[in-house]
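These notes concern the structure reproduced below.
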Amino acid sequence: MKKLLILLLLPLLAYTQSPCDADVCVVQFNAGWNSGNDVDWHGKLKDCEIKYIDIAANPDVASKYEIVVVPTIVVFNGKEVKRFQADISFAIAATKSEVQEVVDEILMDQF
């Protein structure tokens, strides 16, 4: 019974795992057709790996990480920690300082 439960949960665990190699990673999921709403400060975050994934070019990634609106920024620490999603206008309201605060909290918790 334990083995069956583990086998059923493995796919769910894969969805929350980070697509990055680093412990702390911030991923911007967007699509080429929405490049006008790219988050320009995403690459300026400190003390974390930065990754950009175009879900139009990688549609399997959208379902794997349950991306329903773009842009979406997800902070990972091995698994998903926090998600920031765009509003109905496809613009994200989250600020660089809000996302950086999540990264800093993760790093402080490691001490």
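The values are calculated or read from the model by the stated rules, or taken from the named source; none is laboratory data. It should be emphasised that the depicted structure is a prediction, and the values quoted were computed from it without experimental measurement. Every residue, glycine as well, gets a Cβ built from its backbone with ideal geometry; the counts of neighbours run over all protein chains shown. When the accessible area is computed, the model is the full protein with side chains, heavy atoms only, and any ligands, DNA or RNA have been set aside. Shrake-Rupley method; radii C 1.70, N 1.55, O 1.52, S 1.80 Å.
Being under 23 Å from F90 (Cβ atoms), open to solvent by less than 80 Å² (accessible area, probe 1.4 Å) and at pLDDT 95 or above is a description that applies to K51.
Residues of the range 23-58 that are more than 18 Å from E101 (Cβ to Cβ), under 15 Å from the mean Cα position of the chain (by Cα) and of a type outside the set (F, W, Y): N30, A31, D38, K51, I53, D54, I55, N58. Touching a strand residue (DSSP E or B) at 6+ places or on another chain (Cβ under 8 Å), at pLDDT 90 or above and open to solvent by less than 30 Å² (accessible area, probe 1.4 Å) - does that describe any residue in the range 8-18? Checked the range 8-18: no residue is touching a strand residue (DSSP E or B) at 6+ places or on another chain (Cβ under 8 Å), at pLDDT 90 or above and open to solvent by less than 30 Å² (accessible area, probe 1.4 Å). Checked against the criterion of being among the aromatic types (F, W, Y), part of a strand (DSSP E or B) and out of contact with any His (no Cβ under 7 Å at 6 or more places or on another chain), the candidates F90, F84 yield just one match: F84. All but one of (1) on the phi > 0 side of the Ramachandran plot; (2) open to solvent by less than 40 Å² (accessible area, probe 1.4 Å) hold for V74; which doesn't? It is condition (1) that V74 fails. For the range 19-48, the candidate set comprises residues that are open to solvent by 60 Å² or more (accessible area, probe 1.4 Å) and not in a helix (DSSP H, G or I); within that set, the residue that is modelled with the lowest pLDDT is D21.
For beta carbons closer than 8 Å, sequence separation of 6+ or different chains, a first residue in the range 87-108 that is open to solvent by 30 Å² or more (accessible area, probe 1.4 Å) and a second that is acidic (D, E) and assigned to a loop (DSSP other than H, G, I, E, B), the qualifying pairs are A93/D87; D104/D47; L107/D47.
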